[in-house]
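Novice: First the structure, which I've put down as structure tokens, then a few questions once you've had a look.
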Amino acid sequence: MIGVESRFYIDVRVDNLSLDTALERVETLYKESSDGVPRQIFFTNVHSVHLANQNPLLKHDLNEADLVLPDGSGLKIAGKVLNKPVEVNLNGTDFTPKVFRMAEVAGWSVYLLGAKKNVITECVENISKRFSKLEVKGYHNGFFDDKEEKEILKEINQLKPDILLVALGSPFQERWIAKNAVNLDTRLCFAVGGLFDFLSNQTSRAPLWMRKIGCEWVYRFIQNPKEKWDRIFVEIPLFLYAILHEKIRSVIPRGNFKKLGPFNG
Ligand code: UDP
């Protein structure tokens, strides 16, 4: 991609951009999508790197997307260890509201797909209050069967939103976009993970001081230890191990180093 520096952490792509450049990139992708092909914008974090190394399709979807932004302090640590620093944490929860502001000015409309029924309804109400000039063309919860999915695709194509936000969790949201984008009448597709939970009043964000020191993940674990324990106790240690492995591999001459990484079996 012209003008965008992509880096790979354990073979998974991250685009290293400042906030302003990332927003400019979104605008450029919007313009480019006038060719009829919706552009795909994803976020990479420790969780998705972990999943991508077990799921080649997710790795492919992330690495082939039009923009992949770095989400979370894990990638910052990886960047420092590997001497490939990440300029800024551009997680979806902070970045997407900035896209909403752009959309208000540019007159772009949105459609939201994902989260539980009560969550998405409350999320849309809150978005409409906070971004009063943003046109929310439609929304649907993220729990649907094949028949309902066809109806959702039909509805999106009837409404023709400029931006489609998909929050189904990884790897489903990235796959859903990669599979369906080509048949969708929209301009930009974002995979946004837990964004709708935060924008509704159902899940609170970590206090600002925790976010500033890069510990939002601790707060998310405390909120939901049953669902998030493996992200802390399995994925983070494996990620750090793999990053150290990559570092050692980069300093030891080829051929002298066995394939012993956690994702190499
Ligand atoms: N979700 C959904 N359909 C599903 C599974 C999950 O809509 O079949 C939603 C879920 O309710 C949540 C979001 O997807 O709103 C994923 O949130 P998570 O916290 O897992 O995202 P991440 O931490 O990966 O950003």
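Any read-out appearing in this document is the output of simple, stated calculations on the displayed coordinates, not a laboratory observation. In this text the structure is predicted, and so the values were computed from the model without any measurement. Please note: Cβ atoms are built from the backbone with ideal geometry, for glycine as well, and neighbour counts cover all protein chains shown.
Novice: Using Cα positions and a limit of under 16 Å, work out the lysines in reach of Lys212, with same-chain residues fewer than 8 apart set aside.
Specialist: By straight Cα distance, Lys212 reaches Lys76.
Novice: Let me ask something additional. Based solely on its DSSP helices, what 222 nm [θ] is calculated for the chain when runs of n ≥ 4 H residues each add -39,500 (n - 2.57) and the sum is averaged over all residues, nearest 500 deg cm²/dmol?
Specialist: Dividing the helical sum by the residues of the chain leaves -14500 deg cm²/dmol.
Novice: Cα gyration tensor of segment 141-181, axes a ≥ b ≥ c as square roots of the eigenvalues: rounded (a/c below 1.5), prolate (a/b > b/c) or oblate?
Specialist: Judged from the Cα gyration tensor, segment 141-181 comes out oblate (a/c at least 1.5, b/c at or above a/b).
Novice: Let a ≥ b ≥ c be the square roots of the eigenvalues of the Cα gyration tensor of segment 121-214; is it rounded (a/c under 1.5), or, if not, prolate (a/b larger than b/c) or oblate?
Specialist: prolate
Novice: Rounded, prolate or oblate, given the Cα gyration tensor of the chain, with a/c below 1.5 counting as rounded?
Specialist: Taking the square roots of the gyration eigenvalues as a ≥ b ≥ c, the chain is prolate.
Novice: Please figure out what share of the DSSP beta bridges in segment 111-265 is antiparallel and state it in percent, rounded to the nearest 5.
Specialist: Looking only at bridges with both residues in segment 111-265, the antiparallel portion is about 0 percent.
Novice: If you don't mind, another one. How do Ile236, Ile213, Ile41 line up, fewest other C-beta atoms within 10 Å first?
Specialist: Ile213, Ile236, Ile41
Novice: Grab the Cα-Cα distance for His60 and Leu208, subtract it from 0.36 nm times how many residues apart they are, and report the gain in nm with one decimal.
Specialist: Separation in residues times 0.36 nm, less the Cα-Cα distance, equals 49.9 nm.
Novice: If the cut-off is 21 Å between C-alpha atoms, which lysines fall inside it for Lys116, apart from same-chain ones fewer than 8 positions away?
Specialist: Cα-Cα hits under 21 Å: Lys129, Lys137, Lys147, Lys150, Lys154, Lys226, Lys228.
Novice: Going Cα to Cα from Lys133, which aspartates and glutamates come in below 12 Å? Please leave out same-chain ones fewer than 8 positions away.
Specialist: Within the straight-line limit of under 12 Å, Lys133 reaches these aspartates and glutamates: Glu104.
Novice: If I stretch the segment between Asn126 and Val218 completely, what's the gain in nm (0.36 nm per residue apart, minus their alpha carbon distance), one decimal?
Specialist: 30.5 nm
Novice: For the chain, modelled as a Gaussian network with Cα springs under 10 Å, which listed residue fluctuates most, Glu174, Glu235, Glu227?
Specialist: Glu227
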